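Encoded as structure tokens, the structure appears first; notes follow it.
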Amino acid sequence: MMTRPQQGRTHRLTRPSIAIAAAVAVTAGVVAAAPDAKTAEPTPKFSLIAASTSVTLDSWKDDPGVYLDLGTYLTSENGAFELKVTRKSYKDPVVATQVLRNGKKTTTKALPAGLVKDFSGLPGFAQVSVTDAAGKTVLKQTEAFCPNNASGRIRPDAPAQSKYPQSCPVNPFTLGSVWGVENGWASNTYAGYYAKPVQLAAGTYTAKISVTKKYRDLFGIANKPQTVKVTVRERSWEEEEGSGSAPRSAAPQSAKSAAGTQGHAGHAGHGGHEGHQQAADAPAASAHAAHGAPARPEAPAGRTTGATPTFNVGHGPYPPAPPALPWALKKESLQRQAFSAAKVGDRPGQTDGSRQAPGAKPNAKRPTGKATVPDVPKPDLRSLPAYGITVSDGYEDVPGKDYLAFSANVWNAGPAKLVVDGFRSPGKELMDAYQYFYDAKGKQVGYTPTGTMEWDPRPGHEHWHFTDFASYRLLKADKKESVRSGKEAFCLANTDAVDYTVKNANWHPGNTDLSTACGQENSISVREVLDIGSGDTYTQDLPGQSFDITGLPNGTYYIQVLANPENRLKETNHKNNSALRKVVLGGKKGARTVKVPAHELVNAN
């Protein structure tokens, strides 16, 4: 799990540390829930199972460490396992409720106070112990569990698709989430990419996995530990390259080694608009490189680990986590193609939750008829407080200057999705943008002009940005504007599940990774969508995600994230678009510092 900075800690972003921070920022956690044995209502039945009696894990000589994916799953029978996790505000603690469904009847059961601390999962869910060939215990630890983790069906009559989201959110300002294991499905208990590797020498081991007692008692899970034989083999890049059996880019890579080779491809200096598109998998990354962006290394951990899906990664130049694959598919992939990426997506025999969400298809023609804003549900854009706050040196592009870099998120609280189409007239540099409106049945019933879209030709960008979606401002202690960020244009994507408990929230939004949404230079039209419950994160390592603080005096300031600054987009409420985050600047020119106090109960820089 990711550790959070202490209140008042001083942060300064150096070039190598950005990649480490970005890799850690996509850490994902874990979660679960269960039935009340005393109720007369039918309740889900849970079991811990092992997909295989033995697994082979790899440790790399130049970066030792084993990702302890043992292929254990939590199954849900006699109904789905569902949890609703919320907080009223950032002043209130996170609470979890189990949702029990019996036909059209729905009941709820509050889980013990303090059981969950955030939205990343249920801590200490699984107990794992590992003994060596001599019977000596060499590892003992507890692990968290996310029901939304890599999953698959366990019987042919189970629903073809799971209705639950594909990950557990880790954005520190998440407001609500839904976790679940579909009826007749099983979810991997291992956190995959988001777990820390363990140190095990090459050899044979025996692993014992069980659900800890507090969760067995809470959810009525039988005490049936699973035993898995583990073979750890040591491998090296030199041996693999010498044999020609595996390409270097397809092997696991740690956050540390990624930081050493990543660099800052695509940074065009501060004051630009937006950074790289995210790549969801190896093919997407290759396509991205073909459009002019430098190729990027693989994400940490093997692409065949049981990681949670690509989500919560935001706009940024670093590779996202690998897709989630169940053990059966991982084993098949390893047998067929050694370390190359397994193909993902739904097809016969594979419903593994690793689907890459497509972007919404744009209209081919401009809307016709009179522009109207009908009396139908509209989106409600809101901002999250800034986070990932640090001081940057300008990435060597602007030497001698200090920048205050930050991550920002604007999300849609609904009850309607935000849909914006751009249409291009022949020979025009800008697209004309229109906002669309829909009735309760999803039929388009109106539209209105809402500004423009512009093409960004810089390497690493190369897509269409919608202007005036958000604005960033640094306010003085009296909350009067001091500095405004140069960023003003955005390509919209559903990168973060901010609150999936709001009305009409879409648990499976399209375009979660920017791979399809923002068009090409020769596009005649573009559609950009911000779905209900989801937000769009821009990470602190992007050009424009910063303020020039070189000449500012030390003291207290506020980072303001302001959605829809010109009120060009039609919303249900324009009064909740601003969010402030307090920061304290210190240090000297060339060595500025920033302290980030906790925001109410959220202590994340």
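The values are calculated or read from the model by the stated rules, or taken from the named source; none is laboratory data. Owing to the predicted nature of the structure, the values given are computational and were not obtained by experimental measurement. Don't worry about glycine lacking a Cβ; one is built from the backbone with ideal geometry, like all the others, and counts go over all protein chains shown. Just the protein is used for accessible areas: all its heavy atoms, side chains included, with ligands, DNA and RNA removed. Shrake-Rupley method; radii C 1.70, N 1.55, O 1.52, S 1.80 Å.
Among the candidates 428, 378, 401, the residue that is open to solvent by 40 Å² or more (accessible area, probe 1.4 Å), of a type in the set (Lys, Arg), farther than 26 Å from residue 474 by Cβ and not in a strand (DSSP E or B) is uniquely 428.
Against the definition (out of contact with any helix residue (DSSP H, G or I) (no Cβ under 6 Å at 6 or more places or on another chain) and at pLDDT 95 or above), how does residue 397 come out, yes or no? Here the answer is no, as residue 397 does not meet what is asked.
Residues in segment 571-601 that are part of a loop (DSSP other than H, G, I, E, B) and crowded, with 17+ Cβ neighbours inside 10 Å: 571, 577, 596. Within segment 100-116, the residues that satisfy the criterion of being open to solvent by less than 70 Å² (accessible area, probe 1.4 Å) and either within 22 Å of the chain's Cα centre (by Cα) or of a type in the set (Val, Ile, Thr) (or both) are 107, 116. Residues of segment 180-230 that are under 28 Å from the mean Cα position of the chain (by Cα) and aromatic (Phe, Trp, Tyr): 185, 190, 193, 194, 215, 219.
Quick check on residue 97: is it farther than 21 Å from residue 173 by Cβ and open to solvent by 20 Å² or more (accessible area, probe 1.4 Å)? No: the conditions fail for residue 97.
Check segment 430-453 and report whether any residue there is touching a Pro at 6+ places or on another chain (Cβ under 8 Å), at pLDDT below 85 and farther than 21 Å from residue 548 by Cα. No, segment 430-453 has no match at all. Annotation: of all residues in segment 454-472 being part of a loop (DSSP other than H, G, I, E, B) and either open to solvent by 60 Å² or more (accessible area, probe 1.4 Å) or modelled with pLDDT of 85 or more (or both), the one that is nearest to residue 408 (Cα to Cα) is 469. When the residues of segment 211-220 are narrowed to those that are of a type outside the set (D, E, K, R) and more than 10 Å from residue 126 (Cα to Cα), which ends up least open to solvent (accessible area, probe 1.4 Å)? Among those residues, the one meeting the criterion is 219. Please determine, by comparing only the residues of segment 162-177 that are of a type in the set (A, V, I, L, M, F, W, C) and at pLDDT below 95, which one is least open to solvent (accessible area, probe 1.4 Å). Once the filter is applied, the top-ranked residue is 168. So which residues in segment 120-179 are hydroxyl-bearing (Ser, Thr, Tyr), over 15 Å from residue 198 (Cβ atoms) and over 18 Å from the mean Cα position of the chain (by Cα)? If the condition is that a residue be hydroxyl-bearing (Ser, Thr, Tyr), over 15 Å from residue 198 (Cβ atoms) and over 18 Å from the mean Cα position of the chain (by Cα), then 162 is the only one that fits. Which one is modelled with the lowest pLDDT, of the residues in segment 180-210 that are assigned to a loop (DSSP other than H, G, I, E, B) and surrounded by fewer than 16 Cβ atoms within 10 Å (Cβ to Cβ)? Once the filter is applied, the top-ranked residue is 196.
Just to be sure before I move on: is residue 370 under 30 Å from residue 587 (Cβ atoms) and in a loop (DSSP other than H, G, I, E, B) in the structure I sent? No: the conditions fail for residue 370. Taking the listed residues 353, 359, 414, 422, the one that is at pLDDT 90 or above, assigned to a loop (DSSP other than H, G, I, E, B) and touching a Gly at 6+ places or on another chain (Cβ under 8 Å) is 414, with no other qualifying.
Scanning segment 59-74 for residues that are farther than 23 Å from residue 234 by Cα and either free of Cβ contacts under 8 Å to residues at least 60 places away in the same chain or open to solvent by 10 Å² or more (accessible area, probe 1.4 Å) (or both) gives a single hit, 73.
Of all residues in segment 142-161, those that are without any contact (Cβ under 8 Å) to a residue 40 or more places away in the chain and open to solvent by less than 70 Å² (accessible area, probe 1.4 Å) total 3.
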